[in-house]
1. Could you check how many percent of all C-alpha pairs in the stretch 2-116 are farther apart than 20 Å?
2. Please report the net charge: other residues with Cβ closer than 13 Å to the Cβ of residue 31, K and R +1, D and E -1.
3. Within the stretch 26-68, find all residues whose amide N lies under 15 Å from a label point positioned 7 Å from the Cα of residue 14 along Cα-to-beta-carbon.
4. In the stretch 15-117, which GluC sites (Glu not before Pro) are in a loop and have at most 14 other Cβ atoms within 10 Å, using DSSP for the loop call?
5. At what distance in nm do the modelled label points of residue 80 and residue 34 sit from each other, each positioned 7 Å from its Cα along Cα→Cβ?
6. Could you work out the helix-only [θ] at 222 nm for the chain, with each DSSP H run of four or more residues adding -39,500 (n - 2.57) and the total divided by the number of residues, to the nearest 500 deg cm²/dmol?
7. How would you rank 105, 39, going from fewest to most other Cβ atoms within 10 Å of each one's own Cβ?
8. Using 0.36 nm per residue, how much length does the chain from residue 26 to residue 56 gain when fully extended, once their Cα-Cα distance is taken away?
Amino acid sequence: MRRRNQVAIAGESAAGKLLEKHGYTLLGAQVRHVYTLVIDGAPREIELRADYLVEKGGRSYVAEVKTGAVATKIETAATRRQVLEYAVAFGTDGVLLVDMQEREIRDVVFPRFRERG
């Protein structure tokens, strides 16, 4: 577990450099965001922490960094759900999945958000 955490931390640091290399401006790292869900009429605050908030070409993105063979795949349910929650909660123009295994930046667009692009 300790080794996995070290790999994740190193991946996040390298991801910032990768994003900059691809023309993104880093606006923040480990960005805290709180949004409110309403459950049976009662509001409930949910806190999120995104790896990066970035900008490119006048558009803002929340970027989630993943390392390892499984977590980097959008087919992985936990990854897909996390990225979907970010797309809904952060109110940015888009969501990026930064795959540090392949050193690729993927722009993820869910069906409901296609009109934003």
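Here, each number is a calculation from the coordinates, and none is a lab measurement. Keep in mind that what you see is a predicted model, and the values were worked out from it rather than measured. Glycine gets a Cβ as well: all are built from the backbone with ideal geometry, and neighbour counts include every protein chain shown.
1. Numbers: 2740 of 6555 pairs.
Here the tail beyond 20 Å accounts for 42 percent of pairs.
2. Cβ neighbours under 13 Å give a net charge of -3.
3. 65-68
4. Details: sites: 20, 45, 47, 55, 64, 75, 85, 102, 104, 115; in loops: 75, 102.
Qualifying residues, ordered by number: 75, 102.
5. Simple spin-label model gives 3.2 nm for this pair.
6. Numbers: 2 runs with 33 residues, N = 117.
Rounded to the nearest 500, it is -9500 deg cm²/dmol.
7. Working: 105 21, 39 7.
Arranged by neighbour count, lowest to highest, 105, 39 become 39, 105.
8. Working: separation 30, 0.36 × 30 = 10.80 nm, distance 0.92 nm.
Extra length from residue 26 to residue 56 when fully extended: 9.9 nm.
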